[in-house]
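Visitor: Take a look at the following structure, please.
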Amino acid sequence: MYDLIILGGGPAGYNAAERAAHHGMKTLVCEERALGGVCLNEGCIPTKTLLYSAKIFDYANHGDKYGVTVEGAKIDHAKVVDRKDKVVKTLVSGVAAKMKGAGVTVVDGTAKITGKTANGFTVECKGETYEAAKLLICTGSEAVIPPIPGLRDSYEAGLAVTNREILDIRVLPKRVVVVGGGVIGLEMASYFNSVGSEVTVVEMLNKIAGPTEAEISSILEKNYTKKGVKFVLGAKVAAVNGKPGEGVVEYEKDGKIEKIDCDLVLVSTGRRARTKGIGLEEIGVQMNRGAVVTDDQCKTSVPGIWAAGDVNGKVMLAHTAYREGEVAVSDMMGIRDRVDYRSIPSVIYTNPEVGSVGETLESAKASGFDAAEVTLSLRYSGRYIAENEGGDGIVKVVYGKEHNQILGVHMIGNYASEIIFGAAAMVAKEQRVADVQKIVFPHPTVCEVIREAMFTI
Ligand code: NAI
C-alpha cells in the first residue's frame, strides 16, 4: 500500500514525487517511456541543446561585425544530435538518481486506474496491481496531428514529423515547411535557418508566436525574415503530400491555393492533454475538452485525486508543471498553497529570445484594469549595445494606473530568458513601480532597462 501513486514521471510527476517523499509519503511513480517526460526527452532540453549548437555556428558565421572572422565554420548535424542524446541521457539518469535518493519507487510501464477501494484507489502497471490512498495524474500532453488531407499518411511516410521525430533526424533537410508558427515551430525554424536549411513557416493567424505581445511578435518576425525565414501568415494548410525529400504543402491564402515543395514538414499546431485509456472517465474525473479539470490546488473533481502539468491543459510549460506538482503535494499534506497562474513566465528560445510574464496592455484592459504601458529600447543598456550590433530589442512594462502596480513585462532580446524571472517576481509579489525603482540592478546588464523603464512611469 502506497500513500501516493503518480501516473507519469515528467516535470510534474518527478518533482511531486520528490516533494511527497520529503514529506514522508511512500510514493510510487509509473512512467511508460522515460523519466523526465517530454521536457527532458523531446522538448525543452533537447531543443535547447540543438539551439545552442546553432548559436555557436551563428556566432562563427557572423562574428565579422564584432571583428572576428572564422573561415570555414561547419556544423555537423549528426554530431549535434549525438551530443543532444548525451545531454538527455545524463539528465534522465539524474532524475532516476533523484528518485532513488528520495526513496521513490519507479515502475516502467503504462499505468491505468482500475478502481476505488476502502482506502483509496487501485492502479495497474506492468501486470501488477498497486494501491494508494492518493493519486496524482501527470500524464502530460502529446502533439496534435490535425485532420489536414494527406497529413496522416505523410506522417506515416516520414515526410511530416512532430517535435518528437524531428529531434532524431540525422541528415539536414534542404527545405523545411513548418506548419504552425507557435513556440515549437519558431524554435525549430530558428535551428534549421541557422544550419542552412530553407525554412517556410505557414501560420493560420496573422501573427507569429500566438499570444506573444503584438509588437514583440512583429520584431521577432522581422529578425527572422532578415535571416531568411519565409513567413506565410493568415494561411491555412490545406494538404500535405509526399515522402521525405519529395513533399508538397498546399495552403490557402486569400482564397487562393498555393504550393510549396519541401523535404520535411514539421507539424507544430499545438498539443493536447493525454488522458485517454488511463481510467479517468471511469472513476468520474471531470474533463473539459479532453483535459483534466483542476482548481488552483490541483484537485480534480474526485476527492483523493490530483492532477498537475500539461494534463490539465492550462499552461503547458514545464515550469508550470513543477509548481503544480508541488502545490498538489502541499494540498495533500494540508499545507495552504496555490498556483499563481498570473505570474508564470514564458520564453521563446529564438535568437533573439523572447521572455514574457503577466498581462499585455490588451489583456490587462480586457481584464478590467485601467492599465498603461511603457516601451523602452534595450539600447538603453550599454551591455546590449556592446553585444548586439544593430539589435532592435525592446522591453514593455504594463502597469495599473491606479496603484502603479506591475501587471506584466514583455521583452525581446538576448538574456530575456534569464531576466524574465525577476519580472515574474515583480508580478507575483504585486510590486509597484516605486518598489522596483529601489531595487539595485547589476551594471552593466541588459536587465537594467527594466529599472530604467520604471523611471519613465
Ligand atoms: P502553439 O499552440 O504554440 O502554436 C501552434 C500554432 O499553429 C498556432 O499559432 C496556430 O494558429 C497554428 N496552426 C494551427 N493549425 C494550423 C494550420 N492548419 N495551418 C497553419 N497554422 C496552424 O503550439 P506548439 O508550437 O505546437 O507548442 C505546443 C506547446 O508546447 C505549447 O503549449 C507551448 O507552450 C509548449 N512549448 C513551450 C516551449 C517554450 O516554453 N519555450 C517550447 C516548445 C513548446
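The values are calculated or read from the model by the stated rules, or taken from the named source; none is laboratory data. Please read these numbers as outputs of a predicted model, since none were measured by experiment. Here the Cβ positions follow ideal geometry from the backbone for every residue, glycine too, while neighbour counts run over all protein chains shown. We work out accessible area using only protein heavy atoms, side chains counted, and drop any ligands, DNA or RNA first. Shrake-Rupley method; radii C 1.70, N 1.55, O 1.52, S 1.80 Å.
Visitor: Check Gly234 against each of (1) more than 13 Å from the ligand (Cβ to nearest atom); (2) open to solvent by 20 Å² or more (accessible area, probe 1.4 Å); (3) assigned by TED's automatic domain parsing to the domain that holds Leu186; (4) of a type outside the set (D, E, K, R) and name the one condition it does not meet.
Guide: (1)
Visitor: Tell me which of these Glu213 doesn't satisfy, since it passes every other one: (1) within 21 Å of the chain's Cα centre (by Cα); (2) of a type in the set (D, E, K, R); (3) over 23 Å from Glu362 (Cβ atoms).
Guide: Going through the list (1) within 21 Å of the chain's Cα centre (by Cα); (2) of a type in the set (D, E, K, R); (3) over 23 Å from Glu362 (Cβ atoms), Glu213 breaks only (3).
Visitor: While we're here: Looking at region 50-60, can you tell me whether even one residue there is at negative phi, touching a Lys or Arg at 6+ places or on another chain (Cβ under 7 Å) and within 16 Å of the ligand (Cβ to nearest atom)?
Guide: yes
Visitor: Name the single residue that is surrounded by the most Cβ atoms within 10 Å (Cβ to Cβ) among those in region 320-343 being among the acidic types (Asp, Glu) and more than 24 Å from Glu418 (Cβ to Cβ).
Guide: My answer is Asp331.
Listed here are the residues, each with its yes/no results for (1) in contact with a strand residue (DSSP E or B) (Cβ under 8 Å, 6 or more places away or on another chain); (2) under 27 Å from Glu418 (Cβ atoms); (3) away from the ligand (no atom under 15 Å from the Cβ); (4) not assigned by TED's automatic domain parsing to the domain that holds Ala157.
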residue: Lys259; (1), (2), (3), (4): yes, no, no, no
residue: Val265; (1), (2), (3), (4): yes, no, no, no
residue: Ser301; (1), (2), (3), (4): no, no, yes, yes
residue: Ile305; (1), (2), (3), (4): yes, no, yes, yes
residue: Ala308; (1), (2), (3), (4): yes, yes, yes, yes
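Visitor: Then there's this: Step by step: first the residues of region 207-218, then only those that are open to solvent by 20 Å² or more (accessible area, probe 1.4 Å) and near the ligand (Cβ under 9 Å from one of its atoms), then the one that is farthest from His62 (Cα to Cα). Which residue is that?
Guide: Result: Pro211.
Visitor: Can you name the condition, by its number, that Asp295 falls short on among (1) touching a residue at least 12 places away in the same chain (Cβ under 8 Å); (2) part of a loop (DSSP other than H, G, I, E, B)?
Guide: Of everything listed in (1) touching a residue at least 12 places away in the same chain (Cβ under 8 Å); (2) part of a loop (DSSP other than H, G, I, E, B), Asp295 misses just condition (1).
Visitor: Which strands (runs of 3 or more DSSP E) sit wholly inside region 227-277 and have at least 1 residues that are on the phi > 0 side of the Ramachandran plot?
Guide: 236-243
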